[in-house]
Amino acid sequence: MREEQNQALSDVTRAVMGLLDSWDLDTREIQAVLCLPENLRARALNKYREGTDVLPDDPAVLRRARYLLRIADALRTTYPRNPRMSGRWVRQGHRRFGRRSPLSMILRDGESGLIAVLSELDCTFSWDLTGSKSMGYRSSD
């Protein structure tokens, strides 16, 4: 079971680093987005990219990684024919964010910025945040 968890964490690490690299984030931005220590060296980030090391087993880091992967998935759905739009979208100002970019929201507001961006992209996530329950389909039989 432990080996499966390590493999899953390794997969998440590589996917998140690939996403952040596709967004052209620098070391400081990656540290801020993932809530990694400021003294983390670029060499450690390279180990994450290569798969020779995994993200810290820290609930805040892993929660942010899951939000990022959901954002990536929502952007793939939004722009299925142009994967480069993801990096462009996160850097453009949006009226729903007061003309701020999603990336600036994430960098300034941390986890609440990630939640705001994900809520904008994924209506099911936003729906779940409100505590709403789906009534589901009920047969009239």
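The values are calculated or read from the model by the stated rules, or taken from the named source; none is laboratory data. Model, not experiment: these values are computed from the prediction. Cβ sites come from the backbone with ideal geometry, for glycine too, and all protein chains shown count toward neighbours.
General observations
- When 66, 99 are checked against the criterion of being within 28 Å of residue 4 (Cα to Cα) and either at pLDDT 90 or above or out of contact with any Phe, Trp or Tyr (no Cβ under 8 Å at 6 or more places or on another chain) (or both), 66 stands alone in meeting it.
- The listed residue being basic (Lys, Arg), touching a residue at least 12 places away in the same chain (Cβ under 8 Å) and under 17 Å from residue 116 (Cα atoms), out of 96, 100: 96
- Extreme residue, surrounded by the most Cβ atoms within 10 Å (Cβ to Cβ), among residues of the range 57-78 that are farther than 21 Å from residue 120 by Cα and among the charged types (D, E, K, R): 58
- If you go through the range 42-56 and keep only what is in contact (Cβ under 8 Å) with a residue 12 or more places away in the chain and either surrounded by 17 or more Cβ atoms within 10 Å (Cβ to Cβ) or of a type in the set (Lys, Arg) (or both), you end up with 45, 48, 49, 54, 55, 56.
- Among the residues making up the range 1-17, those that are of a type outside the set (A, V, I, L, M) and in contact with a helix residue (DSSP H, G or I) (Cβ under 8 Å, 6 or more places away or on another chain) are 13, 14.
- Flag for residue 10 being farther than 29 Å from residue 123 by Cβ and at pLDDT below 95: yes
- Boolean, residue 108 is among the charged types (D, E, K, R), surrounded by 14 or more Cβ atoms within 10 Å (Cβ to Cβ) and over 17 Å from residue 21 (Cβ atoms): no
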